[in-house]
1. Under 20 Å from a point 7 Å along the Cα-to-Cβ line of residue A:327: which residues of segment B:46-63 have their amide N that close?
2. Just counting partner chain Cβ atoms within 10 Å, what average do the residues of peptide A:47-54 show around their Cβ?
3. Rounded, prolate or oblate: which fits segment B:10-75 when a ≥ b ≥ c are the square roots of the eigenvalues of the alpha-carbon gyration tensor, with rounded for a/c under 1.5 and prolate only if a/b beats b/c?
4. Which log10 I(q)/I(0) values does segment A:198-292 give at q = 0.14, 0.18, 0.20 Å⁻¹ under the Debye formula, counting every alpha carbon as one identical point scatterer?
5. Measuring nothing but label to label, 7 Å from Cα along Cα→Cβ, what are residue A:301's distances to the other copies in nm, shortest first?
6. I want the antiparallel fraction of DSSP beta bridges within segment B:101-215, as a percent rounded to 5.
7. Relative to the other copies, what are the label-point distances for residue A:278, with labels 7 Å from Cα along the C-beta vector, expressed in nm at one decimal and sorted shortest first?
8. Among A:285, B:240, what is the fewest-to-most ranking by other Cβ atoms within 10 Å?
């Protein structure tokens, strides 16, 4: 080994082993992970083509179908965070020149616009003030006007706390021969979802919210109709890492090597999904609903106003109006530093106007709410 | 909560908590993770904008600069596996129509070809039989001929076990005003690398090999010259998740939210890098070299031949010729099932012809070699 260059030690930090604070994560995500999930994640890695790992991938696929209520064969985890799964739906469905109609009523609708444009889509948008949702009639008018190849909607807008109803949208899309793409990042595991019954063709989510798992392995699914569009493409998918023509051969029977999966995160995801299946979806959804109603009541008792109309509020994420004269950032900082509780601030149009409070996965429990309300009682001016 | 659709329990698997076998991972990766790294990974997640997490990101940046021997400000972890980091270098450097010259002497050179094409590159290749490397003269001739905007080389070809010398290549690229892009997936932490001294402009790696960390958070770096090309682009980077104009604002002073980082994997990566810094790069490289020489000796004592000429063999990954008449797959299967040892098979041109044996990170130690040689003595026909 010849080595004539000398080693530069300038960036060689001398650090102690890692210590991190013990936070109660009640922001828009990540949420705390279930202790059993952390324990599963901590097992020693095996190889990404180990027979035991391939069996675990099959379990993840089945359980993801269960939590999403779909029978789509191609239902997998993307080896990245929710944004990567979002990009996977766009990259695999959009061909240059396709009209993509996007419902924008928050930050993540805008992200879809930016992303679809990068894949050559002819993007059209319909918009609503942040915190509101589209009616089926509004969607029909827009689809009739723009005749899109894809309609993209955000089921649970993480930036506003609003739930976009999806009943009837799938039928509308079929009537106009259009694919329905849906963001379920802040709904999966916490909000009723019926992908097949609703006629959703492409959906993505994340692991660190309703599923109670650390972030980094993100649910993705596509229907037979979406697969057909993929198979008829003229050009390769403009993204190698997220190309479903390749990934489907790793997750499918062929087991072709594509990339080295984040092994331990898949352990964690499998365990998180197992726990949801054990609890049962109906119980899990009801728990999220019950605890958020308890939160809403407590916040209103403190004299706080909620940003979203009750009918469309998410059970997973609540936007709370920052009272006039209160420094929202200072309150969040105090909660973090003095109470080890994280809540989120507003994004985009809602920056400085709301706090975002998440009750997701294991954190959707009465004790979390009591802890937050107790701290708020101390921190907020009387 | 109105809910008239009934829940489908068909995919609701009833599973026991996760159990995984205890493998010694001596294939091309993942390698076993250091116990301290697993312990760090297991700490509870905090938020991706938590001040303690932002401090941890800074530590990762410094330590990545140290292990790569670079002072590039934009030296970060990509929230995906090594392939995502590979794609990040291509996506951020290639503009449609750019001539990209790629040295192909193995599977990962071919992957770069496929990827660069998807980003609109005018791809040219030079090739060598798998297991050989390019001389500086061959590279000069090719650069003179094709006048590329980018020259891409694989420092450590994981499919062949060959180490591509890089001395002088950076000067050549500067002479022809071309960026140098290098794959260091199987070299970082195990093979001497001096990115700045060698004039490398873009590099990527992974966490699960020389660094001894689980997969899923992957090193990426780009030089000031590469940043300049990025800033002068006519169009947005054709990949949202990996766009450095956005990511640099999350990792830089602005701390703009981009995506939810895989928090626990960053804990693990920080700890893995800390351990390399503690051992010291020179010691770490020497350990890899010493243990692989012990392996080579042992394999040759068993009558096995190595595929790559000694001068160009990687200390991290060794390709072993499968003797005539031996069923390579059956041997690997038996090692896995009876000895809990994983080794890899050949890819592409070398499929069926070689085994791939990795000694990386914590697995680069005498005991791993002894364990493998002992098992091979039992399994191989006399």
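1. Once the point is set 7 Å along Cα→Cβ of residue A:327, B:50-52 turn out to lie under 20 Å by backbone N, inside segment B:46-63.
2. 5
3. Oblate, since a/c reaches 1.5 and b/c is not below a/b.
4. Those come out to -0.70, -1.03, -1.16, one per q.
5. Output for residue A:301: 7.4 nm, nearest copy listed first.
6. 10
7. Residue A:278 label point versus its equivalents elsewhere: 3.3 nm.
8. A:285, B:240
Every read-out reported here was derived from the displayed coordinates using simple, explicitly stated rules and does not represent laboratory data. What you see is a predicted model; the values in this text were computed from it and never measured. All Cβ positions, even for glycine, are placed from backbone atoms using ideal geometry, and neighbour counts span all protein chains on display.
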